[in-house]
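The values are calculated or read from the model by the stated rules, or taken from the named source; none is laboratory data. If you're wondering where the values come from, they're calculated on a predicted model, not measured in any experiment. Methodologically, a virtual Cβ is constructed for each residue, glycine included, from the backbone with ideal geometry; neighbour enumeration extends over all protein chains shown. Ligands, DNA and RNA are stripped out before the accessible areas are found, and what is left, the full protein with its side chains, is counted by its heavy atoms. Shrake-Rupley method; radii C 1.70, N 1.55, O 1.52, S 1.80 Å.
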Amino acid sequence: MLDRIGDKWTALIVLVLRDGPLRFSTLRTRVGGVAPKVLTETLRRLERDGLLTRTAYAEVPPRVEYELTALGYFLAEPITVMTAWAEEHMRVITRARKRYDRLVA
């Protein structure tokens with residue numbers, strides 16, 4: 001599970017879906033920069049893990065929505081904390097990387 005949580009897209013998808021269910025195209029727009037194939041694969045893995053549900057409505061045109069499960073909302077909490085930590089410390093991390101790169105260059 002740690003590899004799933006640490007995956008590039010999982011955290012973004014979970015954070016975007018914590019505001020409620022979304023259709024694929026809206027989710028893709030809000031996540032930004034993710035290829036449709038990669039988003040589809042990630043959504044399937046999250047559904048398999050019980051972190052979100054996929055609901056297909058029998059309408060014309062077809063409508064599919066993705067929504068976090070209770071487990072998915074529970075996961076959103078630590079991801080939110082980690083995101084806040086990263087935003088708060090990004091300047092320090094950037095300086096450390098530059099310092100390191102100068103030393104090893």
For this session: Using Cα centres only, tell me the gap between the stretch 34-53 and the stretch 1-15 in whole Å.
Result: 10 Å
Problem set entry | Highest-first arrangement of 8-14, 92-98, where packing means the average Cβ count within 10 Å | 8-14, 92-98
For this session: Round to the nearest 10 and give me the degree value, 0 to 90, for the angle of helix 36-48's Cα axis relative to the longest principal axis of the chain.
Result: 80 degrees
Problem set entry | Range of Cα positions in the stretch 46-86 per principal axis (Å), largest first | 44, 18, 13
Seminar exercise, completed: In deg cm²/dmol, rounded to the nearest 500, the helical mean residue ellipticity at 222 nm of the chain, built from -39500 (n - 2.57) for every DSSP H run of length 4 or more, is -20500 deg cm²/dmol
For this session: Pop a pseudo-label 7 angstrom from the Cα along the beta-carbon direction at both residue 101 and residue 41 and give the gap in nm to one decimal.
Result: 2.8 nm
Exercise. Given a 1.4 Å probe and the protein chains all in place, what does the accessible area of residue 77 round to, in Å² to the nearest 10?
Worked result: 110 Å²
Exercise. At a probe radius of 1.4 Å, what is the per-residue accessible area of residue 49, in Å² to the nearest 10?
Worked result: 40 Å²
Seminar exercise, completed: Normalised per residue, the volume inside the convex hull of the alpha-carbon atoms of the chain in Å³ amounts to 125 Å³
